[in-house]
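Written out below as structure tokens is the structure these notes cover.
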Amino acid sequence: FDPLPLPTRIHSINHPEDVRYFRQESWQWDALHYGRCTTSKASAALGFLEPNAGKALGIPVGFRKGAMEAYERLAKQIGCIQSLEDMQVLLTTDDKDATYYQPHRKQSWLWKIPTSNQTRPFAARYAARQTAVEREQRRKELKSRKIDDHRLIRSFRLDWGNSQEATSILTALNYFWQKDPGIRIKEVGMCGAGLPHNITGESLQVGATPDALIYYPNGTVEALEVKNHCPLIRTHFPQIPSHVDSHERNTIKRNRQRMRYTFRRKPITEPYLPIQYIPQLMMEMMCVGPKCHSAVMVRQTALEGALIIRLYRDDTWIDEMMYWLSKFQEDFVDKQIPPRSNFFWKNPRYRKFLEQTRNLTSNVELLDHIPNDAIQRMSGIRGHIPHPFLE
């Protein structure tokens, strides 16, 4: 695994694609997103999260949140960093400017096994560089967090995905390392700044940040994306009978409050690649470059192992995706008109695009299912596995 350098060590940008060396969570990476359509907004800007299109594609209702967030992001065009000169002036820093960035290094969780020791089943040793004081501080922070009940489960899912990302990347590393010890998995920031579409001054600017890149000895590269499925679900209790007195009723309510969320065992079923993730993977392949002909997704669970799947590149679909993203930019963002509900739905070409999207499921290859006991987890104190939210 090859981590990126600290942003404070990057002093020059010689090509727009050099901004991919600014890692996620750096302020430079955040700055590159202003006014830019990235993978987190692509499905919304394509209209996939509208009621009619979402239903036609089979996207779960919980994902159909409309396009206003995408519109508001793209409307920040005045802050969009496009030219090489602006990138050099605005993004490069000296060590004295390090206060703008608080590093949380991803490489802290990977220790490469010496080549002389191949008796272990994994490609790397997975151990936390964390003091006992830091661990206790993290536990207290999670325990004291207070969130409104309707936002609690969403917050748990986000925390779960963030805390498990390193483990999922390591799952991919172990899998591909066993297939070919010559592969390298490299951390990467935002790709695509050097695309011809971006450097010609078009109002629509795009970019994508895979979770990592997989480099093969033959020179090919794949985008790597990981998704972690939170096992927490809301517990449903039967209604308290009316004959129960108030004291016992309050006791039941207090007990239920402590048990309102529980873990579940739910294996991943078909479709192995939900349609709402197709624009993300296709945009990642486009932004990584012409040598990227496929993308790998690791869908990892807490109790049921992980699926490793591959989506193959379709340039015809990518061209059509760019047409509709540009149309969203021209019809709504450039004219400062918020998008109405189902904004592309009546267009016959758009209906054909939705059909093309549904057909992309034939481009998905299931590589393997990794059993839960074969997933490498972080080693904690004295070899014990830490709590999953602290992993």
Beyond 25 Å between alpha-carbons counts as too far, so tell me which of 291/327; 179/227; 186/327; 41/227; 186/291 fall in that bin.
291/327; 186/327
Which aspartates and glutamates have a Cα less than 18 Å from the Cα of residue 140, not counting those fewer than 8 places away in the same chain?
159, 391
Can you return the aspartates and glutamates within cross-link range of residue 335? Criterion is Cα-Cα under 18 Å, with same-chain partners fewer than 8 residues away left out.
69, 72, 202
Can you give the accessible area of residue 245, probe radius 1.4 Å, in Å² rounded to 10?
90
Which of the aspartates and glutamates could be linked to residue 253 by a straight reach, that is with a Cα gap under 13 Å, when you skip same-chain ones fewer than 8 residues away?
245
Accessible surface, 1.4 Å probe, highest first, among residues 350, 21
21, 350
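The values are calculated or read from the model by the stated rules, or taken from the named source; none is laboratory data. This one's a predicted model, so the numbers in the text were calculated from it and none came from an experiment. For accessibility, only protein heavy atoms count, side chains too; no ligands or nucleic acids. Shrake-Rupley method; radii C 1.70, N 1.55, O 1.52, S 1.80 Å.
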